[in-house]
1. For the structure I just gave you, tell me whether S141 is touching a His at 6+ places or on another chain (Cβ under 9 Å), small (G, A, S) and at pLDDT below 95.
2. Working only within the range 69-95, note down all residues that are in contact (Cβ under 8 Å) with a residue 40 or more places away in the chain and more than 19 Å from Q173 (Cα to Cα).
3. Has the range 296-303 got at least one residue that is in a loop (DSSP other than H, G, I, E, B), among the aliphatic types (A, V, I, L, M) and open to solvent by 30 Å² or more (accessible area, probe 1.4 Å)?
4. Return a yes/no flag: does the range 204-212 have any residue that is buried (at least 24 other Cβ atoms within 10 Å of the Cβ), of a type outside the set (K, R) and part of a strand (DSSP E or B).
5. Give the residue that is least open to solvent (accessible area, probe 1.4 Å), with candidates limited to residues of the range 25-79 that are farther than 16 Å from G313 by Cβ and of a type in the set (F, W, Y).
6. Of the residues in the range 160-188, how many are without any contact (Cβ under 8 Å) to a residue 40 or more places away in the chain and open to solvent by 50 Å² or more (accessible area, probe 1.4 Å)?
7. Just need a number here: residues in the range 243-252 that are closer than 15 Å to P215 by Cβ and open to solvent by 40 Å² or more (accessible area, probe 1.4 Å).
8. Can you name every residue in the range 253-269 that is surrounded by 24 or more Cβ atoms within 10 Å (Cβ to Cβ) and either modelled with pLDDT under 95 or more than 24 Å from S128 (Cβ to Cβ) (or both)?
Amino acid sequence: MTLALTVALAIAALPLEGAITTFSLPAATGTYPQSMSPGGSIAGWYLDTNYFVRGFVRGSNGDFVLFDVPGAVGPPPMGTFPLSINKAGLVVGYFTDAQGNRQAFVRANDGSITTFGVSGAAGTVATSINQDGVIAGYFTSAQGGPKHGFLRMPEGVFVTFDVPGAVDTEPQQINASQILSIAATAPDGSTSAFVRTKSGEVVPIRSGQSAQTFPAGINDYATVTGSVQNETGYVGFLWYRGLRQLFQAPGSRYTLPSAINNLGTTAGYYVDPATRTQRGFVRTVDGILSDVAVPNCITVAIDGINDAGQVTGHCTDLSVTPTKVVGFVGIP
C-alpha cells in the first residue's frame, strides 16, 4: 500500500446510500459498539436501566450474547467494557473491580472469561486483540499513576514497554504483525502518536502542524489513521512508513477518524459546519469522503469498519421517546 506525498485534502462529501440497521437491547438506555470483526460480529457495551455497564456481542446474524465479567462492580457508570473483537470471536476489554480499578479480561467464543493483569499492577486495560490472539493495552502501577504499555501473548506471557520520555504510554490498536498504534503523553501534557514494531522499535508519527497528534486505527499494512489538532480544530491523517496525508470533511473544523481497514478505507465522524451536527463518514484510499446517514438518527459516530466495508457505530435515535443512543451496522 502506498500513500501520496503529504498534502491537505478536503474532498466533497458525497452521501452514501445503502442498508444501515440500528439496534438496541430492550433494557438498554444506551448501546455503544466498539469493534467489528472481519466476519461482521460486533463487540461493545450498553447501559442498563440502572446505568450499570454490561458487555455484548452481536453476531453477524443479529443475535446477541450479553455478559458481565464476574467481579465487575462499582457505582454507575462502571461495569464491563468490551473494546475489541477478533476473527475468532475473542473479545477483550476491561472491568471495574471493588476498589474502582480497571482490570483486563478476554472472553472466548464458548463464553468463558479469563481476567488478567500485569504482575504488580494496580490496574490493567486491554484495548485491542489481533487475529493471532496477541493482546495490547496499558497498565498502571498505582491507581491514577502513569500508564505503561503491554503485549500479552496467547500463552499468557507479558511484554511491557514505554515510549521514551513519555509520562503515559497507551497502545490503541494492534495489527496482524504485532505493530501498534500508540498515544503517548509528554510531561507538558501534549499527546503524540507513535508506532511500535514487533522488534520493539518505537517510531514517531510526525504531524508537521502541532504537538497534538491522536492515533486511532492501524491496519495490517501498518497504515495508521487518527487526528491532528491545529489552530482551528482537528483534521484527519493517514501515515505509512513516514509518509503523511492530511484530510478533512469540506469546511469542517472537526474531522476525527477512528478506524481503518486493509483496503485503506478510513471511517469516523466530523462536525457539519452548516448544521453543527456530528455526522459519520467513510473515506476511500483514493480520497473520496462520503457522508454516512443513519435513519432517524443524529450525532452519528462510526467506531469500526471491516474489509467488507461494513461499518458499526452509535447515534442518537430520534424515533423513540425519550431519545437514546443506539448502535448501527451496515454497508453504507
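1. Details: touching a His at 6+ places or on another chain (Cβ under 9 Å): yes; small (G, A, S): yes; at pLDDT below 95: yes.
Criteria met by S141.
2. V69, P70, G71
3. Step one: of the range 296-303, the residues in a loop (DSSP other than H, G, I, E, B) are 296.
Okay, now just the ones that are also among the aliphatic types (A, V, I, L, M), so none.
No.
4. Taking the range 204-212 as the starting set, the residues that turn out to be buried (at least 24 other Cβ atoms within 10 Å of the Cβ) are none.
No, every residue in the range 204-212 fails to be buried (at least 24 other Cβ atoms within 10 Å of the Cβ), of a type outside the set (K, R) and part of a strand (DSSP E or B).
5. Residue satisfying both the conditions and the ranking: F67.
6. Qualifying residue count, the range 160-188: 6.
7. Total meeting the criteria: 1.
8. Passing the criteria: none in range.
The values are calculated or read from the model by the stated rules, or taken from the named source; none is laboratory data. Please read these numbers as outputs of a predicted model, since none were measured by experiment. Positions of Cβ are generated from backbone atoms using ideal geometry, with glycine treated the same way; all protein chains shown enter the neighbour counts. The accessibility values were calculated without ligands, DNA or RNA, using every heavy atom of the protein model including side chains. Shrake-Rupley method; radii C 1.70, N 1.55, O 1.52, S 1.80 Å.
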